[in-house]
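Student: Dropping the structure in here first, questions after.
Each reported figure results from applying straightforward, stated rules to the coordinates on display, with no laboratory input. Being a predicted model, the structure only gives us computed values, none of them experimental. Counting neighbours? That spans all protein chains shown, and the Cβs are built from the backbone with ideal geometry, glycine included.
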Amino acid sequence: MRVLYLISCMTFVWGTASFAQVTPPEASDTFLKGRPYSPNADRAYPERVFFGDTHVHTGLSADAGGGGTRLMPRDAYRFARGEQVTSNTGQPVKLFRPFDFYMITDHSDAMGAITDIISGAPNILADKQGREFHNAFNAFNAFNAFNAFNAFNAFNAFNAFNAGGEEALRAMQQLIASFAQGTVSPALNYQPGNPAFATVWGDLIDAAEEFNAPGVFTTFIAFEWTSLVEGNNLHRNVILRDGPEIARKILPYTTTPPIGSPNPRDLYAWLENFEDTTGGDALAIAHNGNLSNGWVFSLVDDFAEGKPPLDRAYAEARSKWEPLYEWSQIKGDGEAHPFLSTEDEFADYETWDFGNLDASIPKESEMLEGEYARSGLLRGLALQAELGVNPYKFGASAATDTHTGLSAVAEDNFFGKHTAYEPSGERASHIGKTFSDGDVAYYGWGYSAAGLTAVWARENTRTSIFDAMERREAYGTTGPRMSVRFFGGDYSEEVIARRDLARIGYSGGVPMGGDIAVEEGEAPDFLVYALRDPVGANLDRIQIIKGWIDAETGEKQEKVYDVAWGGDRTPDENGNLTAVGSTVDLSIPSWTNTIGASELGTVWTDPDFDPSELAFYYARVIEIPTPRWTAYDAIKFGVEMGSDVPMITQERAYTSPIWYTPRN
């Protein structure tokens, strides 16, 4: 009866913007006992939400610089803190709101090599092969490196660089691999041990320090470790908590042997050594796994001979070093897939499932379970039951993975993934990649304008924000800056009428990213609250997604619960909620906030709780329909989009999960 009562009350109280008018209970001696009168006094919990981008590339990255990106780290920082800049294609661009925090994660392999080759840095021009590379790039509109690469028995990069595609990075990696064979000059080997590589890293540190303004705009020193095995995307963004005094003691880890390695175990060993030798603190965030062909959440060691099952050592290392995972970004959304989550009507969102990163191996259905956040979390529970440690116990983040130096993800201000996808009338129909047989893997319209990472922290500083990420008190959004709180513990229904929900949440349980404990015979309560982006769309609904391991069968299970929603809607006899409707006018394009709710929230108790089963819970907040970036392009450029091009989206946020482990 409790759940039915909550649903009926929620529709009346939370289903409209009138929630703020609900009168809190009167203060009493009992209520104030042990607490100061001021609700803000002695407040020890994180009370502010900060938004940032954890995955940004500038011209220093081989695939960005080779594809025409000329914006460098300082340009990216200026843009992120709110200044107007000129894009790589000569267009003025500015954010509506600056970011709170920001990190540039240029690829560590060959970091800065492409920039120095194109610009003709002294160390490049002083080398015979360096001069030939420089001349080849600049003789063909600065992109065509066909002759240079082909001459040194490396990868044919003509199409890659000319199209601005990510194959450019693959080309550069293969070029780097040829250094070991002695066929390419060491002067071009931008890896640890090359003075030029150290210079690039030092300048990145300097740029981050120049723009770091604690309390206003926080920058992090970071890089991307870009493992690409058989075309499968295993990239990780490595983020340092500390400043230059620590960062200057190391050089970024790379993937090219013998100095580097593409094996995540070796990255974890490098991180361990980094902390042990420098006294610093670091973490890694795995790239959205939808282009990994099942490797990101694999059940076996793909790097070991015979591919044996994962062991406890791997589980412990991954759990330690990867507290967050990238749930959404420009190259598609990675929360769930409709093939895996057949009962989830919102699972097919910005889905990328054509194959691996370079489209060399098409996707097969059995790969999908090892690629998506929800199925990865479920695999983590299964491995925990087997190994005693959950390697896939990660929180939620989202990012852009922009390769233009511009984190412009608003649907009406989307500047694309690569320079070739900066605003133009042709970018939606541009062919992104093709398979070996010539079939198109995806078109430009498939890119998603996403995403952002939000953290709950005490202050806008490196220490506070990093610590929030490390404890998984973070969530990802596909672009909007909605505020979302999610707690698990012991909460009464009445608390939802109060306004100090954060204090209640922390005092009665754990926040997102935590582990819940329950009293014997009790089911856990979850307190969830969401407030729309102040300049964004109203909210359609809040859902809680539960995943668990069936105690009898050992099978992985999942279920989506609608727990709060806007408008005068009632679930049907099967518990399904009707669609919120749409106010989108594609002729403008725009929408109105005459449906949905500005804020939603509830206390929800798991009606199917079994104390003997491993489980996780996370919240998904969905906005009402709004125009997609393709709709804005259609009007701004006067182009007609094909019938297969999505024009409307429902933006969303994903919280980090809360886990439950049986006491025995």
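Student: Hey, what does the equivalent ellipsoid look like for region 362-514, semi-axes from the Cα gyration tensor as sqrt of 5 times each eigenvalue, largest first, whole Å?
Tutor: Ellipsoid half-lengths, sorted descending, are 36, 23, 14 Å.
Student: For region 202-270, take every pair of Cα atoms, bin their distances at 5 Å starting from 0, and report each bin as a whole percent.
Tutor: P(r) over region 202-270, rounded to whole percents: 4, 14, 25, 19, 16, 12, 8, 3, 0.
Student: When the expected Rg is taken as 2.2 N^0.38 Å, what fraction or multiple of it is the alpha-carbon Rg of region 43-94?
Tutor: 1.50
Student: Where does each of 101, 50, 346 land when they are ranked from fewest to most other beta-carbon atoms within 10 angstrom?
Tutor: 346, 50, 101
Student: Let me ask something else about it. What share of Cα pairs, in percent, lie more than 23 angstrom apart in region 571-657?
Tutor: Considering region 571-657, 45 percent of its Cα-Cα pairs are separated by more than 23 Å.
Student: Mean separation of Cα pairs under 8 Å and 6+ residues apart, divided by the residue count of region 359-457: what relative contact order is that in percent?
Tutor: Answer for region 359-457 is 24 percent.
Student: Report Rg (one decimal) and Dmax (nearest whole number) for region 294-415, counting Cα atoms only, units Å.
Tutor: 15.7, 49
Student: Still on this structure, please answer the following. What fraction, in whole percent, of alpha-carbon pairs in region 451-587 exceed 21 Å separation?
Tutor: Of all Cα-Cα pairs in region 451-587, 56 percent lie more than 21 Å apart.
Student: Defining a contact as two alpha carbons under 8 Å apart and six or more residues distant in sequence, what relative contact order in percent does region 258-376 show?
Tutor: 32
Student: Based only on Cα atoms, what Rg/Rh ratio does region 617-664 have, Rh being taken as Kirkwood's radius?
Tutor: 1.34
Student: Next up: Compute and list, largest first, the equivalent-ellipsoid semi-axes of the chain from the alpha carbon gyration tensor, each √(5λ) rounded to a whole angstrom.
Tutor: Listed largest to smallest, the semi-axes of the chain are 42, 27, 24 Å.
Student: Local charge sum around residue 236 (other residues, Cβ-Cβ under 13 Å, Lys/Arg +1, Asp/Glu -1)?
Tutor: -4
Student: I need the semi-axes of the equivalent ellipsoid of region 480-555: take the C-alpha gyration tensor, multiply each eigenvalue by 5, square-root it, list largest first in whole angstrom.
Tutor: Gyration-tensor ellipsoid for region 480-555: 26, 18, 10 Å.
Student: Just want the answer: with Cβ charges of +1 for Lys and Arg and -1 for Asp and Glu, which residue in 220, 120, 362 is farthest toward the dipole's positive end in the chain?
Tutor: So the residue furthest toward the plus end is 120.
Student: Percent relative contact order of the chain, based on C-alpha pairs within less than 8 angstrom and at least six residues apart?
Tutor: Taking the mean separation of contacting Cα pairs over the length of the chain, I get 15 percent.
Student: Would you calculate the convex hull of the Cα atoms in region 224-342 and tell me its volume per residue in Å³?
Tutor: Looking at region 224-342, the number lands at 128 Å³ per residue.
Student: In addition: How many angstrom separate the Cα center of region 529-605 from the Cα center of region 269-314?
Tutor: Measuring centre to centre over Cα atoms gives 34 Å.
Student: Here's something else I'd like to know. Give me the Å³ per residue figure for the convex hull around the C-alpha atoms of region 495-650.
Tutor: Per residue, the Cα convex hull of region 495-650 comes to 167 Å³.
Student: Can you list the DSSP H helices in the chain whose Cα atoms extend at least 18 Å along the helix axis and whose mean Kyte-Doolittle hydropathy is 0.0 or higher?
Tutor: Result, helices passing both filters: 195-211, 373-387.
Student: Among the listed pairs 307/546; 320/546; 249/331; 320/417, give every one whose C-alpha distance is greater than 25 Å.
Tutor: 307/546; 249/331; 320/417
Student: Regarding region 433-490, what whole-number volume in Å³ per residue does the convex hull of its Cα atoms give?
Tutor: Cα convex hull per residue, to the nearest whole number: 176 Å³.
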